[in-house]
Amino acid sequence: MNPIFELLRGKQVAAVVCTQWGDTGKGKIVDHLADWSDMVVRPTGGANAGHTIVIDGKRYAFHLIPSGILRDHQGKKNLIGSGVALDPSILLQEITLLVTEGLSWENLFISHRSKLVLPQHIVLDRIREASAKGDKIGTTGRGIGPCYADHYRRIGLIANDLLNPSLFATKLRKNLAEHKRYLESFDREALRAIMQHPHLAHGAFYDETRLFNEEAIIATYARFAEALREAIVDTDALIREELRRGMRIVLEGAQGHRLSIDHGDYPFVTSSDCTVTGLAKGAGLFDSEIDLTIGIVKAYATRVGEGPFPTELGGLASAAWCNTPGVSEAMELERYPETARLLEGGPFGLGVWLRRQGAEYGTTTKRPRRVGWHDGVLHGHAVKRMPKNTILAVTKLDVLSGLPTIQVCEGYEFQGPDYQLGGTEWHSGKVTSYGDSDAHFLAHSHPLYRSLPGWRQQIGDVTRYTQLPGKARDYVELIERLAGRPVRIVSVGPDRNQTFVKKAA
Ligand code: IMP
């Protein structure tokens, strides 16, 4: 029996949520849980997320479809919940991929209340980022923010509108009218260029005089509707029914705690609540209905896009390099061809080394992810806000093999001009172990590290916690102490078999 199932004994609903800035390897843990469960639900986020699962050496990358789909042949249900920003075009591309692989999508269900991503959302997202002067978020350009903003402005469309063509057309025209007033203040040539993007049908939605070719959008979404019609249902009711029947459910998080619109480093966040509370809500459940929360913590930290990252290796230079448009894995390899020498190259070089070892290049954007040491303060801050039933899974521990020294942030020295945060005054030089998601505070906090000796051995074939080098265990146990929650799962490689359970202390 899969040892992870021991942790799930007596549970009915489990949630998998990242405790950092996303990209922590949730997909693999969800894939394990999918074997245990009867249903996997993706409750929040959209095609901004990307998860890669490796099964028998084969990589599968999805943005919207729950990772559990690869277990579909066993009749398990996969749901896209009402909290999801649904881009039907991306979903259909993923479905096509499944079909090509000979996998079925018969058990995929889409909430009729999921929020529809429309071409204007992608345009709004991209024009805002392109014209931002010093206040870029570094979004994935998938229209996520504008889609959720429309929902809160009460002008958004939902998946159910796809099932009612004339209502869809009326709502779409109204929505476009609202956005056009704002979009027309931008340079027309810039808008035209943005609308040539493949995610915007290579210009098919552009109209020289009206800006948007409404008929083309309506016709395209009508095709999406035809393809997806059977799958669009009331998923809240479906989940309730499965709960009543005693079925096991996994909630698959997207992004991470620090990217939550409500609890993350605002404004450098996504536009959904990626915490456990957000997951429950996006699946139509209450937090109290989740029996086990698995918080995923990567053995080091990564962040995509802009925003504070106190432990970033190479600091601002790293952020600038990773966020330079067009920088790719190939370009980085060309500039820094000798991997071994990077270990001697100071923090920036170390960051490139770690990025390369961990293959930290975006699934969605292909951007190099900014890389840094584990931040025990920020991690503790996130984990404290998670339910009491939380256990932790440390992922990608193998990536650190070969490092002479590993650093872990245990506190900060505030290094900014005087700043008032809540009831506390911060002066330059003040030392603290206090964590906060305030972006200004974090941008001026300098990390204070504890150094640990690294381990030389490769650990990818370790199958038991006790077989890990003592130094690797010390490291895992430090993460655990700083978080104040038990680490119960450790992952040492991309394959689903490279995962084992750590006994409770
Ligand atoms: P958006 O979600 O595209 O609006 O992007 C907002 C911020 O969230 C940007 O900094 C993105 O890089 C980040 N982000 C969104 N999705 C992910 C993800 O799946 N992994 C890591 N960062 C993400």
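The values are calculated or read from the model by the stated rules, or taken from the named source; none is laboratory data. It should be emphasised that the depicted structure is a prediction, and the values quoted were computed from it without experimental measurement. Please note: Cβ atoms are built from the backbone with ideal geometry, for glycine as well, and neighbour counts cover all protein chains shown.
Overview of values
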{"read-out": "Residue within region 279-287 that is touching a strand residue (DSSP E or B) at 6+ places or on another chain (Cβ under 9 Å) and under 16 Å from residue 20 (Cα atoms) present", "value": "yes"}
{"read-out": "Residue within region 26-33 that is in a loop (DSSP other than H, G, I, E, B) and in contact with a Lys or Arg (Cβ under 7 Å, 6 or more places away or on another chain) present", "value": "no"}
{"read-out": "Filtered residue count, region 177-189, keeping only those that are in a helix (DSSP H, G or I) and over 29 Å from the mean Cα position of the chain (by Cα)", "value": "7"}
{"read-out": "Close pairs (8 angstrom Cβ cut-off, 6 or more residues apart or separate chains): of a type in the set (Gly, Ala, Ser) in region 52-79, modelled with pLDDT under 70 anywhere", "value": "67/53"}
{"read-out": "Pairs with Cβ under 6 Å, 6+ apart, first in region 2-25 and more than 24 Å from residue 261 (Cβ to Cβ), second of a type in the set (Val, Ile, Thr) and at pLDDT 95 or above", "value": "3/501"}
{"read-out": "Residue within region 435-448 that is under 24 Å from residue 4 (Cα atoms) and not basic (Lys, Arg) present", "value": "no"}
{"read-out": "Members of region 178-199 found to be farther than 15 Å from residue 146 by Cβ and loosely packed, with under 13 Cβ neighbours inside 10 Å, listed by number", "value": "184, 185, 187, 188, 189, 196, 198"}
{"read-out": "Check on residue 9, over 27 Å from residue 384 (Cα atoms), more than 16 Å from the ligand (Cβ to nearest atom) and surrounded by fewer than 24 Cβ atoms within 10 Å (Cβ to Cβ)", "value": "no"}
{"read-out": "Enumerated strands (runs of 3 or more DSSP E) restricted to region 388-505, each holding at least 2 residues that are closer than 30 Å to residue 262 by Cβ", "value": "390-395, 405-414, 419-421, 424-426, 445-453, 487-491"}
{"read-out": "Checking residue 126 against (1) in contact with a helix residue (DSSP H, G or I) (Cβ under 6 Å, 6 or more places away or on another chain); (2) away from the ligand (no atom under 14 Å from the Cβ); (3) of a type in the set (D, E, K, R), the condition it does not meet", "value": "(2)"}
{"read-out": "Residues located in region 397-430, provided they are touching a residue at least 40 places away in the same chain (Cβ under 8 Å) and in contact with a helix residue (DSSP H, G or I) (Cβ under 9 Å, 6 or more places away or on another chain)", "value": "397, 398, 399, 400, 401, 402, 403, 406, 408, 409, 410, 412"}
{"read-out": "Restricting region 211-264 to residues that are surrounded by 22 or more Cβ atoms within 10 Å (Cβ to Cβ) and of a type in the set (S, T, N, Q), the residue that is nearest to residue 108 (Cα to Cα)", "value": "235"}
{"read-out": "Leading residue by the ranking (surrounded by the fewest Cβ atoms within 10 Å (Cβ to Cβ)) among those in region 351-379 that are over 22 Å from residue 492 (Cβ atoms) and within 16 Å of the ligand (Cβ to nearest atom)", "value": "366"}
{"read-out": "Region 380-413, subset among the polar types (S, T, N, Q) and more than 30 Å from residue 345 (Cα to Cα), residue surrounded by the most Cβ atoms within 10 Å (Cβ to Cβ)", "value": "390"}
{"read-out": "Any hit, region 137-152, residues being within 14 Å of the ligand (Cβ to nearest atom), farther than 23 Å from residue 89 by Cα and of a type in the set (A, V, I, L, M, F, W, C)", "value": "yes"}
{"read-out": "Residue pairs meeting the criteria (Cβ under 6 Å; at least 6 apart or on separate chains; first within 11 Å of residue 160 (Cβ to Cβ), in region 225-241; second of a type in the set (Lys, Arg) and at pLDDT below 95)", "value": "none"}
{"read-out": "Qualifying residue in region 314-331 (condition: under 23 Å from residue 439 (Cα atoms), modelled with pLDDT of 95 or more and outside any helix (DSSP H, G or I))", "value": "yes"}
{"read-out": "Any hit, region 93-101, residues being over 16 Å from the mean Cα position of the chain (by Cα) and within 16 Å of the ligand (Cβ to nearest atom)", "value": "yes"}
{"read-out": "Flag for residue 309 being within 16 Å of the ligand (Cβ to nearest atom), of a type in the set (A, V, I, L, M, F, W, C) and more than 15 Å from the chain's Cα centre (by Cα)", "value": "yes"}
{"read-out": "Criterion (within 15 Å of the ligand (Cβ to nearest atom), modelled with pLDDT under 95 and either among the aliphatic types (A, V, I, L, M) or in contact with a strand residue (DSSP E or B) (Cβ under 8 Å, 6 or more places away or on another chain) (or both)) met by exactly one of 27, 45", "value": "27"}
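Results for (1) touching a Gly at 6+ places or on another chain (Cβ under 9 Å); (2) closer than 26 Å to residue 450 by Cα, shown as yes or no for each residue.
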position	(1), (2)
344	no, yes
351	yes, yes
359	no, yes
364	yes, no
367	yes, no
